[in-house]
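Read-outs throughout are calculated quantities, based only on the coordinates presented, and are distinct from any laboratory measurement. Just so you know, these numbers come straight off a predicted model, no measurement behind them. Glycine gets a Cβ as well: all are built from the backbone with ideal geometry, and neighbour counts include every protein chain shown.
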Amino acid sequence: MAEITLIDALRQAMDEELARDDQVFIMGEDVGVRGGVFRATMGLYEKYGPQRVIDTPLAELSIAGVGIGAALYGMRPICEIQFGDFIYPAINQIVSEAAKMCYRSNGEWTVPLVIRAPYGGGIGGGLYHSQSVEAFFTHVPGLKVVIPSNPYDAKGLLKSAVRDNNPILFFEPKKGYRLIRGEVPEGEYTVPIGPANISRPGTDVSVFTYGMMHYYALQAAEQVAAEGISAEVVDLRTLYPVDRATILASVRKTGKALIVHEDNLTGGYGAEVAATIASDAFPDLDAPVRRLCGPDVPAVPFSHPLQDWFMLDPEKIAGAIRSLARY
Amino acid sequence: MEISTDMQREMYWNMLLSRRLDERAWALHRQGRIAFHISAIGHEAAQVGAAFALRRGYDWIAPYYRDLAMMVALGFTPRHFMLSLMGKRGEPTSGGRQMPSHFSMRNMNVVSHSAPVATQCVHAAGIGLAIKLHKEDKVVLTSLGEGSTAQGEWYEAVNWAAIHQLPVIFMVENNMYAISEPMEKQMAVKSAAEKACGLGLPGVAVDGTNIFAMYEAVKSAVDLARTGQGPTLIEARMYRMTPHSSDDDDRAYRSRAEVEEHKKLDPMLVGRTAMEQTGVLDEKSLAELETRAKDIIDEAVQYAEKAPYPDVIEGSFPVYAEEVRHG
């Protein structure tokens, strides 16, 4: 099997879906001739033409809203928001329209739409090229929120997202685009939207995480393993709807839960995981549920030491695992 | 443009049925039998004229909440309307989930819309894009109030349609008020049609109380759109003869004298007078139409009042496409 990068896996998924179904098309800022500012769509404009890979005006609201209209017509748009940080103008369309369409029309209309956006810091992007925005959308019934952590899942989940009949927010850890490599088989496969994945089984502490922090959590688990701590790493992958069964099964086994995300702590996705555990696995807990998250500041600062202060890394995660294991 | 006698009678019938339905809704509200109504009184000529200029069931429509007469002309029945006013089971736009006059008719290509204004315009641009990508000769008409042209969503939608020469007709129903705010608080131009100048599409202002003028204006725009000559902005100028909704009291912001003055330009009166002069309608046929409307509406009210409410379980779905239950 070939080992490829996360962004290559995403591009393969889009390439294969464009080839498979002529209702699929891509639109976004600079996705065509330029191939995307991160080169996620590189070569697709040349291969499929300007009708299938559409450069849009710099207006995120209509990237989402025009996508919704095309989806209502029966197409399957893949919309790229250039950075997660730029998605806020589109929230009215995503939350008020895409998410509610099926419910409000009693199923007469559905919105098969994928909105891809790179998220996360650690790349020198400052406040407006580093944000984690998932928590705004994991509050919204009608949306599905997916965050892959490795090339295999990225390709398989994106292909599932394109085939899903609902609006899907697909957030990609941009720091991992070229850093995270992994084996991806030749040929057709998909990864289902919904189930979490136990990426490293363990017995002492459950670490619930996703995206870039999952990559670091695996490194942290490796570090503490050398010290005799067995950490189970659960890659949540689909944040919404929540895979409560996998979360609860893991914490019932280990008795300890650490939730790790890069997004800031308060009101973050980890609160939902913590509440699920507190509500349904309370008798199984041997320690308080802990969250290791970004600090409650508006966004990631630019200056290098400030960015490092904000960001989690394998050492910080390993420290939190140790602390919880000792409890 | 020649409009046959039969078609003129059909136009008048649709305006009349909408007007009498609308008046009945106000009466039901004042009697405490319904909770909410939002009125199309004063808009009938523009809406019915526009509907007749489309190929109904073939072309697409992204309407807004003041489009009762347009929906009647597309086959929205008095029973449908009464069920939706009362939130009864079988209500066809949303199964009782949406407020009344938030339309959706899949079989007539009328897409579901929400209450935040101008959101539907972006969907129309997306539908127009899909039509163009499919190389079809359909058109899409989206309607909105003049207040909605202040929204960025409207601007983005028009910009998209103009860039890609999409088959979209933007029909601004300028009734001079956005709830309480008159034109001068909404825009610095005298006519919403002027806004087309900077966006690269034709903008025409039409007497929205004259059904024949509206039919011809929309028909011309449809002909352009259908033959690949791009979008048109049509401003239909009329007067909102009622408060914004049943929850509004327009005495707070406009004089009775002003309202009375505009009743002289009631589109029903304008249409009837014209059709009487040409012999299309006479006293006898008008009386027959009135009786027919009253009978149909009486029956619809009784039908809806006897109809059951939805089972409460229906509130729980369909959040996702997988949960849609047919029948």
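Reported value for chain A: 127 Å³ per residue, from the convex hull of its C-alpha atoms. Stokes-Einstein diffusion for the stretch A:2-184, with the hydrodynamic radius set to the Kirkwood value over Cα pairs and evaluated at 4 °C in a medium of 1.567 mPa s, equals 81 µm²/s. So for the protein assembly as shown: antiparallel DSSP bridges make up what percent, rounded to the nearest 5? Roughly 20 percent of the DSSP beta bridges within the protein assembly as shown come out antiparallel.
Determine the calculated [θ] at 222 nm for chain B from helices alone, applying -39500 (n - 2.57) to every DSSP H run no shorter than 4 residues and normalising by the residue count; nearest 500 deg cm²/dmol.
-13500 deg cm²/dmol
Partner shielding of A:71-78 amounts to 5, given as the average count of beta-carbon atoms from other chains within 10 Å of each residue beta-carbon.
Simple spin-label estimate for B:Ala27 and A:Arg178 gives 7.3 nm between the two label positions (7 Å along the Cα-to-Cβ direction from each Cα). Using only Cα positions of chain B, each an equal point scatterer, no hydration layer, compute I(q)/I(0) via Debye at q = 0.14 Å⁻¹ and quote the log10 values to two decimals. So the normalised log intensities work out to -1.14. Quarter the surface of the alpha carbon convex hull of the protein assembly as shown and you get the mean projected area, 31.8 square nanometres. Just for the stretch B:172-306, what percent of DSSP beta bridges are antiparallel, to the closest 5? Of those bridges, close to 20 percent are antiparallel. Each part reduced to its alpha carbon centroid, the stretch B:230-245 and the stretch A:168-227 end up 54 Å apart.
Taking only the Cα atoms of the stretch A:50-149, the radius of gyration and Dmax are 13.9, 45 Å. Once you reduce the stretch B:265-294 and the stretch B:44-61 to the center of their Cα atoms, the two points are 21 Å from each other.
Selection among B:Gln120, B:Leu28, B:Val110 by position relative to the dipole of the protein assembly as shown gives B:Leu28 as farthest towards the positive end (Cβ unit charges, Cα centre).
Think of each Lys and Arg Cβ as +1 and each Asp and Glu Cβ as -1; about the Cα centre, that makes the dipole of the stretch A:2-184 roughly 140 debye.
Label zone (A:Tyr88, point 7 Å along Cα-to-C-beta; backbone nitrogen cut-off 16 Å) within the stretch A:258-298: A:264, A:297-298. The calculated 222 nm mean residue ellipticity attributable to helices in chain A amounts to -10000 deg cm²/dmol, summing -39500 (n - 2.57) over DSSP H runs of n ≥ 4 and dividing by all residues.
Pairwise Cα separations in the stretch A:197-326 fall into 10 Å bins from 0 onward with the following percentages, short to long: 14, 47, 32, 7, 0.
The order of B:Ser191, B:Ser101, B:Ser255, A:Ser199, going from fewest to most other C-beta atoms within 10 Å of their C-beta, is B:Ser255, B:Ser191, A:Ser199, B:Ser101.
If contacts are Cα pairs under 8 angstrom and at least 6 residues apart, what is the relative contact order of chain A in percent?
Numbers: 743 pairs, mean separation 54.7, N = 327.
Answer for chain A is 17 percent.
With the alpha-carbon atoms of the stretch B:173-315 aligned to their principal axes, the span from lowest to highest coordinate is 53, 46, 42 Å, starting with the largest. Neighbour counting of Cβ atoms within 10 Å sorts the residues A:Lys316, B:Lys219, fewest neighbours leading, into A:Lys316, B:Lys219. About its Cα centre, the stretch A:197-326 has a charge dipole of approximately 240 debye under the convention of +1 per Lys or Arg Cβ and -1 per Asp or Glu Cβ, with nothing else charged. Close amide H pairs (under 5 Å, H built 1.01 Å from N) link A:Val207 with A:Glu232, A:Val233, A:Val234, A:Leu258, residues at least 5 positions away or on another chain. Counting 0.36 nm for each residue step from B:Glu10 to B:Glu258 and taking away their Cα separation leaves a gain of 86.2 nm.
Fewest first, what order do A:Arg181, A:Arg116 take by the number of other Cβ atoms within 10 Å? Each step should come with its number before you reach the end.
Details: A:Arg181 15, A:Arg116 26.
Arranged by neighbour count, lowest to highest, A:Arg181, A:Arg116 become A:Arg181, A:Arg116.
Which of B:Lys88/B:Lys306; B:Lys135/B:Lys195; A:Lys175/A:Lys316; A:Lys155/A:Lys175 have a Cα-Cα distance over 20 Å?
On the way: B:Lys88/B:Lys306 9 Å; B:Lys135/B:Lys195 29 Å; A:Lys175/A:Lys316 18 Å; A:Lys155/A:Lys175 17 Å.
Long pairs (Cα-Cα over 20 Å): B:Lys135/B:Lys195.
Considering only Cα atoms, the convex hull volume of the stretch B:20-73 works out to 77 Å³ per residue. Look at the stretch B:71-77: the mean tally of other chain Cβ atoms within 10 Å of its residues' Cβ atoms is 0. Extension gain for the segment B:Arg325 to B:Val189, taken as residue separation times 0.36 nm less the Cα-Cα distance, is 44.1 nm to one decimal. Estimated from the Cβ-Cβ distance and a Förster radius of 51 angstrom, the FRET efficiency linking B:Glu314 and B:Leu286 is about 0.75. Could you work out how far the C-alpha centroid of the stretch A:276-318 sits from that of the stretch B:151-210, in angstrom? Going from one Cα centre to the other spans 49 Å. For the stretch A:311-327, 3J(HN,Hα) computed residue by residue from phi via the Karplus equation (6.51, -1.76, 1.60; θ = phi - 60°) reads 6, 7, 8, x, 5, 5, 5, 4, x, 5, 5, 4, 4, 6, 4, 6, 4 Hz, glycine and proline entered as x. Relative protection proxy for B:12-23, A:123-134, from highest mean packing down: B:12-23, A:123-134 (other beta-carbon atoms within 10 angstrom). Here the 3J(HN,Hα) profile of the stretch B:309-319, calculated from phi with Karplus coefficients 6.51, -1.76 and 1.60 at θ = phi - 60°, is 6, x, 4, 4, 4, 5, x, 8, 8, x, 6 Hz, Gly and Pro shown as x. Picking from A:Thr254, A:Val273, A:Ala318, whose Cα lies most toward the positive end of the charge dipole for the stretch A:197-326 (charges on Cβ: Lys, Arg +1; Asp, Glu -1)? Projecting each Cα onto the dipole axis, the largest value belongs to A:Thr254. For the stretch A:147-241, the normalised intensity computed at q = 0.10, 0.12, 0.24 Å⁻¹ comes to -0.28, -0.40, -1.25 (log10 of I(q)/I(0), Debye sum over alpha carbons, equal scatterers, no solvent).
Mind checking the dipole of the protein assembly as shown: about its Cα centre, +1 per Lys or Arg Cβ, -1 per Asp or Glu Cβ, Debye to the nearest 20?
Working: 64 positive and 82 negative charges, 95 e Å.
Computed charge dipole of the protein assembly as shown: roughly 460 debye.
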